[in-house]
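Take a look at the structure below.
Bear in mind these aren't lab numbers, they're just calculated from the coordinates by the rules spelled out. These numbers were taken from a predicted model, which means no experiment stands behind them. Reconstructed Cβ throughout: ideal geometry from the backbone, glycine too, with neighbour counts over all protein chains shown.
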Amino acid sequence: MRGKLVTDLNNKIVALTGAGSGIGLGTAMALARRGAHLALSDINEEGLNETAAMVGDAGGKVTTQVLDVSDEEAFNVWADSVIADYGRVDVVINNAGVTLAAIGAEQSHDDLDWVMSINFRGVAHGTRAFLPHMLERNSGHVVNISSVFGLFGVPAQSAYCASKFAVRGYSDAIRVELRNSNVQMTVVHPGGISTNIANHARFRMQGEGVPDRDAFVANANKMLSRTTPAKAGEVIARGIEKNKPRVLIGGDAKYIDIMQRLMPARFPLMMSSN
């Protein structure tokens, strides 16, 4: 039988990857306002330090670590140090992510591996690094960030979609494995969030009629402007508080979720023709 679930984030220890900008920054601030103690990581030291300063200014308690989530050994070292510093970890949020603009038939193995190593294996590294500790305590919450692109296929985003579908399936399977414990699993599907992910994308598209990088970034940022990172962070924090197994962020995410259920084959074609 399940005991008391984690619903109050005050004084909880939260480990968060990809904290240097975007959803990570918005989530860090939402958690700080709730009194959580934050162990933040990001590969971008400058952005990480800026987030830490903002959390500190808001009265939050924070430690930081520059981390490449694709490096399993480095992730395990960080996890061990967070547990040693705080004595426990109550929540881990695996948020770090990248994207690639490339037609599936033309993308290189290296580019595909780059996306999967961060977006999927980085999530798996974070889950495996903290989950045994949580199971030993029989308390905790794993939050894995997927995407609406983990719900349906999008042209020129096959690698990104593959990674986010993988996060979804991986998280759903582990949630079932945790059914007799007090450890929770939440998978998050953000819609369009105004982040820097398109600006930092690898762009591998070329040929007649194909947009250049600037056009791709401008169009992507337009689509990503629907929801602010601050709003996304609030939705994620509330999802943790309510122990939701699945969180959709934004009206676009909710619409996509419904439509891909109703028309799983036709809906991606309809979206790509818009």
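Observations
- The selection criterion, being part of a strand (DSSP E or B), hydroxyl-bearing (Ser, Thr, Tyr) and either touching a helix residue (DSSP H, G or I) at 6+ places or on another chain (Cβ under 8 Å) or surrounded by 14 or more Cβ atoms within 10 Å (Cβ to Cβ) (or both), holds for THR63.
A quick yes/no check of all residues on (1) of a type in the set (Asp, Glu); (2) surrounded by fewer than 22 Cβ atoms within 10 Å (Cβ to Cβ):
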position	(1), (2)
ALA36	no, no
LEU40	no, no
GLU46	yes, yes
ASN49	no, yes
ALA53	no, yes
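- Qualifying residues in segment 128-142 (those that are within 14 Å of ILE83 (Cα to Cα) and in contact with a helix residue (DSSP H, G or I) (Cβ under 7 Å, 6 or more places away or on another chain)) - the one surrounded by the fewest Cβ atoms within 10 Å (Cβ to Cβ): HIS133
- The listed residues are PHE120, PHE130, and the only one of them that is in contact with a Ser or Thr (Cβ under 6 Å, 6 or more places away or on another chain), aromatic (Phe, Trp, Tyr) and under 30 Å from LEU9 (Cα atoms) turns out to be PHE120.
- Candidates PHE75, PHE130, PHE149: the one that is touching a residue at least 60 places away in the same chain (Cβ under 8 Å), part of a helix (DSSP H, G or I) and not polar (S, T, N, Q) is PHE130.
- Residues that are assigned to a loop (DSSP other than H, G, I, E, B) and in contact with a His (Cβ under 8 Å, 6 or more places away or on another chain) were ranked within segment 84-98; the one that is farthest from GLU136 (Cα to Cα) is VAL98.
- Matching residues in segment 35-54 - criterion: being farther than 15 Å from GLY22 by Cβ and touching a helix residue (DSSP H, G or I) at 6+ places or on another chain (Cβ under 8 Å): HIS37, LEU38, ALA39
- Restricting ALA102, ALA96, ALA84 to those that are among the hydrophobic types (A, V, I, L, M, F, W, C), farther than 19 Å from VAL187 by Cα and in contact (Cβ under 8 Å) with a residue 60 or more places away in the chain reduces the list to ALA102.
- Here LYS244 clears all of (1) surrounded by 13 or more Cβ atoms within 10 Å (Cβ to Cβ); (2) part of a helix (DSSP H, G or I); (3) of a type in the set (Lys, Arg) except the condition numbered (2).
- Residues (over 13 Å from PHE120 (Cα atoms), in contact with a strand residue (DSSP E or B) (Cβ under 9 Å, 6 or more places away or on another chain) and either of a type in the set (D, E, K, R) or surrounded by fewer than 18 Cβ atoms within 10 Å (Cβ to Cβ) (or both)) located in segment 151-175: ASP172, ARG175
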